Amino acid sequence: MQVSTFENNRGFCALKIKDVVAIDFNQLSDIHAKQENMTLSELQTVIQKIYPNVESLYVISYEMVN
């Protein structure tokens, strides 16, 4: 999968999607928060602000291939 900027469609890397796993909002952990450089409370607040009333999320595992 080629990754590019939204504004001008400039490609900058390719990703290989390894896994997609459904997760409930209440299953978020400190590990997920650390990946976003936040506390769990901060992550939950940000998600609720952007996606109000959403309870089902997805964790996407990937690797950069170039």
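A residue that is more than 18 Å from residue 3 (Cβ to Cβ), modelled with pLDDT of 95 or more, out of contact with any Leu (no Cβ under 9 Å at 6 or more places or on another chain) and of a type in the set (Gly, Ala, Ser) occurs nowhere in the stretch 22-39.
Quick check on residue 44: is it out of contact with any His (no Cβ under 7 Å at 6 or more places or on another chain), farther than 26 Å from residue 1 by Cα and surrounded by 10 or more Cβ atoms within 10 Å (Cβ to Cβ)? Against the criterion (out of contact with any His (no Cβ under 7 Å at 6 or more places or on another chain), farther than 26 Å from residue 1 by Cα and surrounded by 10 or more Cβ atoms within 10 Å (Cβ to Cβ)), residue 44 qualifies. Go over the candidates 31, 23 one by one and state the one that is closer than 21 Å to residue 55 by Cβ and either surrounded by 12 or more Cβ atoms within 10 Å (Cβ to Cβ) or among the acidic types (Asp, Glu) (or both). Only one candidate passes the filter, namely 23. Being surrounded by 10 or more Cβ atoms within 10 Å (Cβ to Cβ), of a type outside the set (Ser, Thr, Tyr) and part of a helix (DSSP H, G or I) is a condition met by no residue of the stretch 52-64. For the stretch 5-47, filtering for residues that are without any contact (Cβ under 8 Å) to a residue 24 or more places away in the chain and among the basic types (Lys, Arg) leaves 2.
The values are calculated or read from the model by the stated rules, or taken from the named source; none is laboratory data. Not measured: the values here are computed from a predicted model. Reconstructed Cβ throughout: ideal geometry from the backbone, glycine too, with neighbour counts over all protein chains shown.
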